[in-house]
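Right, one structure below, let's go through it.
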Amino acid sequence: MAYVLGMSTLPPDLRYTETHEWVRDREKLVTVGITQFAADRLGAASFVELPYPGELLKAGVVFCRIRSDSSSAALQMPFTAKIMEVNQRLDGSAGLVNSDPYGAGWIVRMEPGDPADVDALLDATTYEAGLATQDA
């Protein structure tokens, strides 16, 4: 069975990665979180291991781990960036990544090394087309 997600629940103003992170571009800083697809696959999050503000991380490096009772996920940097802020609310409320992945469940705010890297990510239409081919 293919995973179907309507555009009404997939924010069109975000950029997406093939590994199911989203990126919201806001001038100098970008906000990063996991998509609803990733949150659903993970199950109820019980713990989020956050990076440290000030860390400069290269593309592909694991920057966050999310654990649930049944699985875990290692999130990779979509591009080289400096971590500027982490969502401290996740320390006591890891479930925010499930209940509000595009809002209060954001994970980090970072400063991209090259702002053009954000534009190189998938748009909502392309990301959704990729989901249609994945098993639920």
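The values are calculated or read from the model by the stated rules, or taken from the named source; none is laboratory data. Since the model is a prediction, treat every value here as computed from it, not as a measurement. Every residue, glycine as well, gets a Cβ built from its backbone with ideal geometry; the counts of neighbours run over all protein chains shown.
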Taking R89, is it farther than 20 Å from R15 by Cβ, out of contact with any Lys or Arg (no Cβ under 9 Å at 6 or more places or on another chain) and assigned to a strand (DSSP E or B)?
no
Of the residues in region 122-136, those that are touching an Asp or Glu at 6+ places or on another chain (Cβ under 9 Å), of a type in the set (A, V, I, L, M, F, W, C) and surrounded by 17 or more Cβ atoms within 10 Å (Cβ to Cβ) number 2
Please find, within region 67-80, the residue that is surrounded by the fewest Cβ atoms within 10 Å (Cβ to Cβ) out of those that are part of a strand (DSSP E or B) and more than 13 Å from the chain's Cα centre (by Cα).
S72
Between residues in region 86-97 that are touching a residue at least 12 places away in the same chain (Cβ under 8 Å) and loosely packed, with under 13 Cβ neighbours inside 10 Å and residues that are assigned to a helix (DSSP H, G or I) and of a type in the set (V, I, T), which pairs lie under 6 Å by C-beta distance while being six or more apart or on different chains?
none
Of all residues making up region 10-39, the number that are surrounded by 14 or more Cβ atoms within 10 Å (Cβ to Cβ), over 9 Å from the mean Cα position of the chain (by Cα) and acidic (D, E):
1
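Results for (1) of a type in the set (S, T, Y); (2) assigned to a helix (DSSP H, G or I); (3) within 12 Å of the chain's Cα centre (by Cα); (4) within 19 Å of T19 (Cβ to Cβ), shown as yes or no for each residue.
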residue: P53; (1), (2), (3), (4): no, no, no, no
residue: G60; (1), (2), (3), (4): no, no, no, yes
residue: R65; (1), (2), (3), (4): no, no, yes, yes
residue: I83; (1), (2), (3), (4): no, no, no, yes
residue: A94; (1), (2), (3), (4): no, no, no, no
residue: N98; (1), (2), (3), (4): no, yes, yes, yes
residue: Y102; (1), (2), (3), (4): yes, no, yes, yes
residue: Y127; (1), (2), (3), (4): yes, yes, no, yes
residue: T133; (1), (2), (3), (4): yes, no, no, yes
Just to verify a result, which residue in region 104-125, among those that are among the acidic types (D, E) and part of a helix (DSSP H, G or I), is modelled with the highest pLDDT?
D117
